[in-house]
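Okay, structure first, notes after.
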Amino acid sequence: MDAEQLAQRLTQPNGPYAGLTVVDSTKSTNADLDRARPPDRTVLIARQQTAGEGRRARSWSSPPGGLYVSIYYAPGVPAHRWPWLTLLAGVALVNVARSTGVDAVLKWPNDLLLGPNRKKGAGVLATTSEKGVVLGIGLNVQPVQAELAPGGLAPTSLAEEGANELDLTELATRLLLELDKWEAPWRAADGDPFASGLHEEYRGLCETLGQEVRVELINGSFEGIARYLETDGTLVVRDVDGHDRSVPAGDVVHLRTAT
Ligand code: BTN
């Protein structure tokens, strides 16, 4: 990964980011930025992580060959709209994967599913503080040995799905520019996902909506049809008794496409 090229293309005055650092190895780029509280739109990329963090206290396998990036945002929009940053990251991931010729969709909220078998190629973890959000993205570029994600979701990578671009500098550039493409208008619209067009884009890329799903909560699970997103990005699932239930967090398993 060419750190100089990335900084030149992506940081001010040529690009949208305040700063960009590439390190050979760290425990977790999310933990580093969370501690540092750097300026708004600061990027940290690691060539490998030794203690990569995943959602719900799981670990994220981070050997050399993958893309591990965190961005600190202090977006200055109402905090109840910050969750849209994690959905926005999902949008960016799908568009980057598709730009490499790979079939890609999202599972709510932001799991990148690749190829005909809908395996997991990337994940997003946001850490929120009083002032802002550390948005962490792990994209499997080369094959990884990783545990099955919840719901039996197997891991995959761009390489395994036949991507026509595997260069980490190019992929990091595409990802960071695609994030900016959605984050800038979202921020300009004061975080409104509708006015910024983010909601519509997300809806078009998220395969969960309209699907029969199982929602796995900390204290049990239920099945139903995923219907729509609330304004804060919460998923609404109609359960078998016909009640609409909000799912602010939890793991969603796709059962099959609803007809
Ligand atoms: C998931 O469990 O699906 C989310 C995985 C998020 C991994 C990324 S890699 C860069 C950043 N640093 C971390 O420690 N985690 C996130």
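The values are calculated or read from the model by the stated rules, or taken from the named source; none is laboratory data. Source: prediction; values computed, not measured. As a convention, Cβ positions derive from the backbone with ideal geometry for all residues, glycine included, and neighbour counts pool all protein chains shown. To get the accessible areas, we keep the full protein, side chains included, count just its heavy atoms, and leave off ligands, DNA and RNA. Shrake-Rupley method; radii C 1.70, N 1.55, O 1.52, S 1.80 Å.
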Point to revise | residue 44 touching a helix residue (DSSP H, G or I) at 6+ places or on another chain (Cβ under 9 Å) and not acidic (Asp, Glu) | key: yes
Point to revise | In the range 15-34, the residues that are within 12 Å of the ligand (Cβ to nearest atom) and either over 18 Å from residue 172 (Cβ atoms) or surrounded by fewer than 15 Cβ atoms within 10 Å (Cβ to Cβ) (or both) | key: 27, 31, 34
Review point. Since residue 95 meets every condition but one in (1) under 26 Å from residue 202 (Cβ atoms); (2) at pLDDT below 95; (3) not hydroxyl-bearing (Ser, Thr, Tyr), which condition does it not meet?
Key: (2)
Review point. If you check residue 37 against the conditions, is it open to solvent by 20 Å² or more (accessible area, probe 1.4 Å), assigned by the TED database to the domain that holds residue 135 and within 10 Å of the ligand (Cβ to nearest atom)?
Key: no
Practice item. Those residues that are open to solvent by 60 Å² or more (accessible area, probe 1.4 Å) and either farther than 17 Å from residue 247 by Cα or part of a loop (DSSP other than H, G, I, E, B) (or both), I need them from the range 188-223; list them, please. Key: 188, 190, 194, 195, 200, 204, 218, 219
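Looking for whichever is under 16 Å from residue 155 (Cβ atoms) and open to solvent by 50 Å² or more (accessible area, probe 1.4 Å) here; the options are 119, 107. Which one fits?
Working: 107 fails: open to solvent by 50 Å² or more (accessible area, probe 1.4 Å).
The unique qualifying residue is 119.
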Point to revise | Residues located in the range 2-49, provided they are at pLDDT below 95 and of a type in the set (A, V, I, L, M, F, W, C) | key: 36
**Study point:** Checklist (1) among the aliphatic types (A, V, I, L, M); (2) assigned to a strand (DSSP E or B); (3) more than 21 Å from residue 188 (Cα to Cα); (4) within 12 Å of the ligand (Cβ to nearest atom) applied to residue 105, failing item
**Key:** (4)
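Just one of 172, 149, 184, 226 is aliphatic (A, V, I, L, M) and loosely packed, with under 14 Cβ neighbours inside 10 Å; which is it?
On the way: 172 fails: loosely packed, with under 14 Cβ neighbours inside 10 Å; 149 fails: loosely packed, with under 14 Cβ neighbours inside 10 Å; 226 fails: loosely packed, with under 14 Cβ neighbours inside 10 Å.
Matching residue, one of 172, 149, 184, 226: 184.
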Practice item. Please give the number of the condition residue 74 fails out of (1) surrounded by fewer than 19 Cβ atoms within 10 Å (Cβ to Cβ); (2) within 10 Å of the ligand (Cβ to nearest atom); (3) of a type in the set (Gly, Ala, Ser). Key: (2)
**Study point:** Candidates 171, 175 - the one that is under 28 Å from residue 78 (Cα atoms) and outside any loop (DSSP other than H, G, I, E, B)
**Key:** 175
Revision key, fill the gap. Subset of the range 50-61, residues at pLDDT 95 or above and polar (S, T, N, Q), comes to 50
Revision key, fill the gap. Of the residues in the range 131-149, those that are near the ligand (Cβ under 8 Å from one of its atoms) and small (Gly, Ala, Ser) number 3
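Please indicate, with yes or no, whether at least one residue in the range 42-58 is more than 16 Å from the ligand (Cβ to nearest atom), under 27 Å from residue 252 (Cβ atoms) and either without any contact (Cβ under 8 Å) to a residue 24 or more places away in the chain or part of a strand (DSSP E or B) (or both). Working first, answer last.
Initial filter on the range 42-58 (more than 16 Å from the ligand (Cβ to nearest atom)): none.
Within the range 42-58, not a single residue is more than 16 Å from the ligand (Cβ to nearest atom), under 27 Å from residue 252 (Cβ atoms) and either without any contact (Cβ under 8 Å) to a residue 24 or more places away in the chain or part of a strand (DSSP E or B) (or both).
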